[in-house]
Amino acid sequence: MSVIVARPPNFELILKAFPDADKPGVIFAYGDNIYNPSGDPIPPALLAHERIHLGRQKMLAPPSSLSIDAAADHWWIRYVLDAEFRYREELLAHVAEFKAQDNRGLDRNLRAKILQKTAARLCAPLYNYTPPRSMTLAMRDIRWELEKK
Ligand SMILES: [Zn+2]
């Protein structure tokens, strides 16, 4: 996996669906790489988030996909078209992002604060969910995922 300071190959598709994708600090998982157009430093927890997307692109690749980029295109089209798929994919990525910050022995209040911030990002306008996902739902789903294992 490499981090590339550029827009991802399918940026036109992404921007049409998510107008906020052009904002500084927004990064993209595609194929084998993380694309970081603004070149801002990427916090380790966000890298953990993007690694989940890269892994899922491979995992969900149809048998017919001829390359890793074809698998990424397939995942992205589904991600753009299907809000529920998008929410579930982001849920998994945000749980990984939370876990990357949740060091053992973290103060309970701080842990709750990080959980709340993670849930707020999960239901952010950036993702254009229709209907919008609520903070309550995002908190519940993250807790549910954390308690799974
Ligand atoms: Zn994501």
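At 1.4 Å probe size, with every protein chain present, just tell me what the per residue accessible area of region 9-149 comes to in Å². Per-residue accessible area for region 9-149 comes out at 56 Å². Rolling a 1.4 Å probe across all protein chains gives residue 143 an accessible area of roughly 110 Å².
The alpha-carbon atoms of the chain define a convex hull whose volume equals 119 cubic angstrom per residue. For the residue pairs 58/113; 58/148; 16/113; 23/148; 23/117, alpha carbon separations beyond 27 Å are given by 58/113; 16/113; 23/148. Within the accessible area of the chain, what % is carbon and sulfur when the probe is 1.4 Å and the other protein chains stay in place? Ligands and nucleic acids excluded, carbon and sulfur reach 57 percent. Relative contact order of the chain, taken over Cα pairs closer than 8 Å and 6 or more residues apart, is 21 percent. What is the distance in Å between the Cα centroid of region 24-60 and that of region 93-127? The two parts, judged by their Cα centres, are 17 Å apart. Taken over region 1-84, the ratio of Cα radius of gyration to 2.2 N^0.38 Å equals 1.04.
Counting 0.36 nm for each residue step from residue 68 to residue 108 and taking away their Cα separation leaves a gain of 10.3 nm.
The values are calculated or read from the model by the stated rules, or taken from the named source; none is laboratory data. The structure presented is a predicted model; accordingly, all values stated were derived computationally and were not measured. Areas reflect the complete protein model, heavy atoms only, side chains present, ligands, DNA and RNA absent. Shrake-Rupley method; radii C 1.70, N 1.55, O 1.52, S 1.80 Å.
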